[in-house]
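The values are calculated or read from the model by the stated rules, or taken from the named source; none is laboratory data. Remember, it's a predicted structure, so these values are computed and weren't measured experimentally. When we count neighbours, we look across all protein chains shown, and the Cβ atoms used for this are built from the backbone with ideal geometry, even at glycine. For accessibility, only protein heavy atoms count, side chains too; no ligands or nucleic acids. Shrake-Rupley method; radii C 1.70, N 1.55, O 1.52, S 1.80 Å.
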Amino acid sequence: MSESSGYIYVLTNESMPGLVKIGKTIDVQKRIQHLSSTTSVPLPFKLYKAIKVDNRHVVENQFKDYFHKDRTNPSREFFKISPEQ
């Protein structure tokens, strides 16, 4: 695995209906555990989908650019879209 390869993930959380979190990571399960245990959310995040990519930084930025109008906060990775989108 190259230094920039990894996963792009889409997470949902029952405590945040109508929102998804899109991000990048090397280890999806560790990222979910970290987000669920260190952020102020009442319920754990659930993995909707993860895709392996060669350059997680570039691909994540492409997703953020594509869904920029649906972003809830420019400094957060939450979007008002369905997970299927």
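Could you tell me whether region 60-69 includes any residue that is in a loop (DSSP other than H, G, I, E, B) and either under 13 Å from the mean Cα position of the chain (by Cα) or at pLDDT 95 or above (or both)?
The answer is yes, given that some residue of region 60-69 is in a loop (DSSP other than H, G, I, E, B) and either under 13 Å from the mean Cα position of the chain (by Cα) or at pLDDT 95 or above (or both).
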> If a residue has to be open to solvent by 100 Å² or more (accessible area, probe 1.4 Å), more than 11 Å from Leu11 (Cβ to Cβ) and among the basic types (Lys, Arg) to count, how many in region 38-85 make the cut?
Replying inline: 4
>> Take Leu35 and tell me if it is part of a strand (DSSP E or B) and surrounded by 13 or more Cβ atoms within 10 Å (Cβ to Cβ).
In response: no
> Out of the residues in region 38-59 that are of a type outside the set (A, V, I, L, M), out of contact with any helix residue (DSSP H, G or I) (no Cβ under 6 Å at 6 or more places or on another chain) and not in a strand (DSSP E or B), which is farthest from Glu3 (Cα to Cα)?
Replying inline: Pro42
> Taking Ser4 and the conditions (1) open to solvent by 90 Å² or more (accessible area, probe 1.4 Å); (2) at pLDDT below 95, which numbered condition does it fall short on, given that it satisfies the others?
Replying inline: (1)
